[in-house]
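These notes are about the structure you will find just below.
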Amino acid sequence: MNTPEPQAGTSLNAARRERELAALPDEVVDVLVVGLGATGAGAALDAASRGLSVAAIDAHDLAFGTSRWSSKLIHGGLRYLGSGQFGVAHESAVERGALMRHTAPHLVRALPFVMPLTPIVSGSRALAVGAALGAGDVLRLTARTPRSVLPGPRRLSAVETLRLSPPLRAHGLRGGLLSWDGQLADDARLVTALARTAAGHGARILTRCRAVTLTGDGALVRDELTGREISVRARSVVNAAGVWAGGLVEGVRLRPSRGTHIVVGAETLRGLSAGMQIPIPGAVSRFMLVLPQDDGRFYVGLTDEPSDGPIPDVPEPTASEIGFLLDILGSALDVPVRRADVLGAFAGLRPLLDLGHGRDTADISRRHAVLPSRDGVVTIVGGKLTTYRRMAQDAVDAAIRVRGLDAGPSRTARLPLVGAGSRDRLDVLDAPSRLVRRYGVEAPLLAALAKDDPALLEPVVPGLPVLGAELAWAVRHEGALDAGDLLDRRTRIGLVAPDREAALPAAEALLPRAAVG
């Protein structure tokens, strides 16, 4: 088969993994990164783009942990203004602008949000939120993000509010507040783009490789596919394992917080064309979010609850959290959403630093922390998806400083990720619009796979938007090794259990075909 090829050096696949893993014991890399979520993949890119040799490992897959369980938002830090975290808010606005303008404009687009002024929203609270939206627009200005990329906020009449959000209850509605933020097409796709871009700069991206022990000079690593253990030698080590970071380095104390979302169908919130922010009673700066997705469904979230005890590989939402989200949603809708309308649910754990204050996790600062250990391992924790790039930069800066490496400053603030392109370029690509939204300038390459196999441009499952070409591309160029990688991370099919079950045979059948295609 004559298959199209992506940018040189960016393809991840089983053959490359085997080749690079086999060579690793004979080398000493400048930087070993443990964890391939957004921060870890970002650190691999940051270090590799400075000319350092890099190996980045993960016990599971790209975006296996918290990075795939987010609200899919690249937000400007509005919430942090309300709690006085002005530095975190400004940093968020700057990083949002970088993603939308330079590094990933194909993955992040402006999304309008409506906050309905229902009877439970007092006049004073409406004024406070309006003032916060104005302050958020100042943040946008100071971050140098133009209005052409992210429009400004304004007040809506009741008629305008219902036009954007028809499911709202009209009785008592006084209007709404319109604001804009960045929406990520898919958080796991961002991690995949980061990992592939790092690979294009020479980084070794190795999934299914578990760090058994970790020191400032490297790690004992187990290949989870074969059980073989190898010693990886490194001049510096970055621990970006997220909620599992404390299990690798002594003295790192985390207090994970669980954020839960539910998934509802298009027919449940029919006509909704914007996101919604619904105030949570009793909370000054917390809102429940309703987030439209490009498959027509909606994510509704999120909670902020302490998660004590052992860290699970895949966190499970609780019945009470799902009920809480439905109750808040029902406070604003004309027809409440029922449990039977919930198609799926997912939860992620935030790797918050435990400062020993005993506060609720909702009140713990989202500022990230860089923690060098006594033997030189640099651990990065805290933060949030929006600021992954700055977190990665700070971690690599610390590793360079602690271990005395020779490297220049970070380049990633304006370094385009795989697939990035200007809006004008993206709008004229000859490829299905779904592929353009998720793969950017590489979309025509995915479409070209169907020249030899037209079925690849058909949905994997009737009624779902995911195309067979996406699964084939993931095996050939995105490091997918099994059906779970395909359904749960390279695509979002796995969020709804019946969809996953229906798609599983097609994914399993495609794996051997795509691997040799």
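Kindly evaluate G383 against the criterion of being at pLDDT below 95, over 23 Å from the mean Cα position of the chain (by Cα), part of a loop (DSSP other than H, G, I, E, B) and not hydrophobic (A, V, I, L, M, F, W, C).
Criteria not met by G383.
Which residue, of V252, V300, V238, V290, is modelled with pLDDT of 95 or more and over 18 Å from F113 (Cα atoms)? It would help to see each step written out before you state the result.
Working: V252 fails: modelled with pLDDT of 95 or more; V300 fails: over 18 Å from F113 (Cα atoms); V290 fails: over 18 Å from F113 (Cα atoms).
Step by step, each of V252, V300, V238, V290 is checked, and only V238 is modelled with pLDDT of 95 or more and over 18 Å from F113 (Cα atoms).
Only residues that are within 22 Å of L385 (Cβ to Cβ) and either in contact with a Ser or Thr (Cβ under 8 Å, 6 or more places away or on another chain) or surrounded by fewer than 22 Cβ atoms within 10 Å (Cβ to Cβ) (or both): list them for segment 265-287, please.
Within segment 265-287, A274, M276, Q277, I278, I280, A283, S285, R286, F287 qualify.
Residues are listed down the side, and each one gets a yes or a no for (1) more than 19 Å from the chain's Cα centre (by Cα); (2) at pLDDT below 95; (3) more than 23 Å from R16 (Cβ to Cβ):
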position: D427; (1), (2), (3): yes, yes, yes
position: S433; (1), (2), (3): yes, yes, yes
position: V461; (1), (2), (3): yes, yes, yes
position: V466; (1), (2), (3): no, no, yes
position: W473; (1), (2), (3): yes, no, no
position: H477; (1), (2), (3): yes, no, no
position: A503; (1), (2), (3): yes, no, yes
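If I filter segment 201-211 for residues that are within 26 Å of E478 (Cα to Cα), in contact (Cβ under 8 Å) with a residue 40 or more places away in the chain and hydroxyl-bearing (S, T, Y), do I get at least one hit?
Yes, the conditions are met somewhere in segment 201-211.
Can you tell me which residue in segment 46-73 is nearest to the chain's Cα centre (by Cα), limited to those that are under 19 Å from L415 (Cβ atoms) and assigned to a strand (DSSP E or B)?
A56
Determine whether D394 is surrounded by fewer than 17 Cβ atoms within 10 Å (Cβ to Cβ), acidic (D, E) and free of Cβ contacts under 8 Å to residues at least 60 places away in the same chain.
The answer is no for D394.
May I ask you to list the residues in segment 241-273 that are part of a strand (DSSP E or B) and within 17 Å of the chain's Cα centre (by Cα)?
Result: S257, R258, G259, T260, H261, I262, V263.
Given the conditions (1) touching a strand residue (DSSP E or B) at 6+ places or on another chain (Cβ under 6 Å); (2) more than 28 Å from G51 (Cβ to Cβ), report the number of the one that R423 does not fulfil.
Every listed condition holds for R423 apart from (1).
I'd like to check something: does segment 26-33 contain any residue that is touching an Asp or Glu at 6+ places or on another chain (Cβ under 8 Å), modelled with pLDDT of 95 or more and of a type in the set (A, V, I, L, M)?
no
If a residue has to be over 15 Å from S422 (Cβ atoms), modelled with pLDDT of 95 or more and not in a strand (DSSP E or B) to count, how many in segment 99-123 make the cut?
Going through segment 99-123 one residue at a time, the tally reaches 1.
Considering (1) in the same structural domain as P116 (by TED's automatic domain parsing); (2) touching a Cys at 6+ places or on another chain (Cβ under 6 Å), say which one R174 fails and leave the rest.
All conditions pass for R174, except number (2).
Can you tell which of R154, R125 is within 24 Å of I280 (Cβ to Cβ) and either in contact with a strand residue (DSSP E or B) (Cβ under 6 Å, 6 or more places away or on another chain) or assigned by TED's automatic domain parsing to the domain that holds R437 (or both)?
Being within 24 Å of I280 (Cβ to Cβ) and either in contact with a strand residue (DSSP E or B) (Cβ under 6 Å, 6 or more places away or on another chain) or assigned by TED's automatic domain parsing to the domain that holds R437 (or both) holds for just one of R154, R125, which is R154.
What is the residue count in segment 179-194 for residues that are assigned to a helix (DSSP H, G or I) and closer than 15 Å to V436 by Cα?
3
What number goes with the only condition from (1) touching a helix residue (DSSP H, G or I) at 6+ places or on another chain (Cβ under 9 Å); (2) closer than 28 Å to L456 by Cα; (3) among the basic types (K, R) that R79 does not pass?
R79 satisfies all of (1) touching a helix residue (DSSP H, G or I) at 6+ places or on another chain (Cβ under 9 Å); (2) closer than 28 Å to L456 by Cα; (3) among the basic types (K, R) except (2).
The values are calculated or read from the model by the stated rules, or taken from the named source; none is laboratory data. Bear in mind the structure is a predicted one, so any value in this text is a computation, not a measurement. Backbone-built Cβ (ideal geometry, glycine too); neighbour counts: all protein chains shown.
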